[in-house]
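The values are calculated or read from the model by the stated rules, or taken from the named source; none is laboratory data. What you see is a predicted model; the values in this text were computed from it and never measured. Please note: Cβ atoms are built from the backbone with ideal geometry, for glycine as well, and neighbour counts cover all protein chains shown. Each accessible area value is taken on the protein alone, full model and side chains, heavy atoms only, with ligands, DNA and RNA left out. Shrake-Rupley method; radii C 1.70, N 1.55, O 1.52, S 1.80 Å.
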Amino acid sequence: FPTAVASAESLVAATEARVLDLVGDHVWGRGDATWAGAIGDLLDARGWRLAIVELGTRGSVLGLLGEGLGDRIAFAEALPANHRPAGGGRIDLPARAERGRQAGDAEVGLAVRTITRGPDMAVSIAVADPRGTHAERRLAFLAGPQGRSRAALLAAAVLDARLRA
């Protein structure tokens, strides 16, 4: 069987190399890696901590990252979907990320907002770090708990990409 094992291993290695060649920019981990572990490694490499502000997610982002990041989370806040700023006006998500960063004396602030749009969920994500701010909008398939869970995954992907940049 040694030849069959060697052949199977080389086939898997060749297939993995091809897949990484095609989508490598989107690979954040391998094996038993988790989002919290991957982001934690990036934060640790810089000696940074993270502040999280969530609007309408019911804590989904903290649920995804919290246990794995532990003390690397300097501040966390979860606000309801219908939250409005004092004095009215629109929510400025990059400013929320920056305020979270300052409140936790953290180097990185992540702000995530979800709004139900028909059967799906609109997700806005902002990251503030020493280089400035970055914001994106995405659509999560399905609303409700599954949409909020997918919103957390989208937020982790955007944060991971920003930390790698």
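Report the calculated FRET efficiency for residue 142 and residue 102 (r = Cβ-Cβ distance, R0 = 25 Å), to the nearest 0.05. So the FRET efficiency works out to roughly 0.15.
Kirkwood analysis of the chain, using all unique Cα-Cα pairs, places the hydrodynamic radius at 17.0 Å. Dipole of the chain computed with +1 at Lys/Arg Cβ and -1 at Asp/Glu Cβ about the Cα centre; of 154, 139, 68, farthest Cα towards the positive end is 139. On the basis of the beta-carbon distance and an R0 of 22 Å, residue 19 and residue 131 show a calculated FRET efficiency of 0.10. For region 84-165, the Kirkwood radius over C-alpha pairs fed into Stokes-Einstein at 10 °C and 1.306 mPa s yields D = 121 µm² per second.
Relative contact order for region 15-165: 23 percent, from Cα pairs under 8 Å spaced at least 6 residues apart, divided by residue count. DSSP bridge analysis restricted to the chain gives an antiparallel fraction near 60%, rounded to the nearest 5. Both the radius of gyration and Dmax for region 68-118 are 12.5, 37 Å, in that order, over alpha-carbon atoms. Figure note: 9, 16 ranked by solvent-accessible area, largest first, 1.4 Å probe, ligands and nucleic acids not counted: 9, 16.
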